[in-house]
1. From the list 35, 45, 50, 27, exactly one residue is under 12 Å from the mean Cα position of the chain (by Cα) and not in a strand (DSSP E or B). Which is it?
2. Would you confirm, using the coordinates I've provided, whether residue 17 is surrounded by 14 or more Cβ atoms within 10 Å (Cβ to Cβ), at negative phi, in contact with a helix residue (DSSP H, G or I) (Cβ under 9 Å, 6 or more places away or on another chain) and not in a loop (DSSP other than H, G, I, E, B)?
3. Just checking, how many residues over segment 32-42 are under 22 Å from residue 100 (Cβ atoms) and out of contact with any strand residue (DSSP E or B) (no Cβ under 7 Å at 6 or more places or on another chain)?
4. Looking at the structure I just gave you, is residue 50 at pLDDT 95 or above and in contact with a helix residue (DSSP H, G or I) (Cβ under 9 Å, 6 or more places away or on another chain)?
5. If a residue has to be under 26 Å from residue 101 (Cβ atoms) and outside any loop (DSSP other than H, G, I, E, B) to count, how many in segment 59-88 make the cut?
6. Which condition number does residue 32 fail, the rest of (1) surrounded by fewer than 18 Cβ atoms within 10 Å (Cβ to Cβ); (2) under 16 Å from residue 12 (Cβ atoms); (3) touching a helix residue (DSSP H, G or I) at 6+ places or on another chain (Cβ under 7 Å) being met?
7. How many residues does segment 52-94 hold that are surrounded by 15 or more Cβ atoms within 10 Å (Cβ to Cβ) and touching a residue at least 40 places away in the same chain (Cβ under 8 Å)?
8. Among the residues of segment 100-107, are any surrounded by fewer than 20 Cβ atoms within 10 Å (Cβ to Cβ), in a strand (DSSP E or B) and either under 15 Å from the mean Cα position of the chain (by Cα) or touching a residue at least 40 places away in the same chain (Cβ under 8 Å) (or both)?
């Protein structure tokens, strides 16, 4: 399922934005003419990665300083040791789409 998160030019360059859709909590980052999407919850302490500071291709968790690559989701520093999910992004006529599988909520 494709979900629009808006125009690329509306996303802040060099910062993250949290998006909640289809049962997912996602951090979307814009770097110039490209966009990246990873799971928004740090795998160490569940802090919002969208609120972290971006250094090149790495976002720093605002809680304990772990860094995650926004392209691969892999942690580059402790205390996190587990990756966060990554999401495929498609740019169509300047609009940013996420390719998602809906998450079923437990009743």
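1. After ruling out the rest, the residue left standing is 50.
2. yes
3. 2
4. Values: at pLDDT 95 or above: yes; in contact with a helix residue (DSSP H, G or I) (Cβ under 9 Å, 6 or more places away or on another chain): no.
No: the conditions fail for residue 50.
5. 7
6. (3)
7. Total meeting the criteria: 8.
8. The answer is no; no qualifying residue exists.
The values are calculated or read from the model by the stated rules, or taken from the named source; none is laboratory data. All of these numbers come straight from a predicted model, not from anything done at the bench. Every residue, glycine among them, receives a Cβ derived from its backbone with ideal geometry; neighbour counts consider all protein chains shown.
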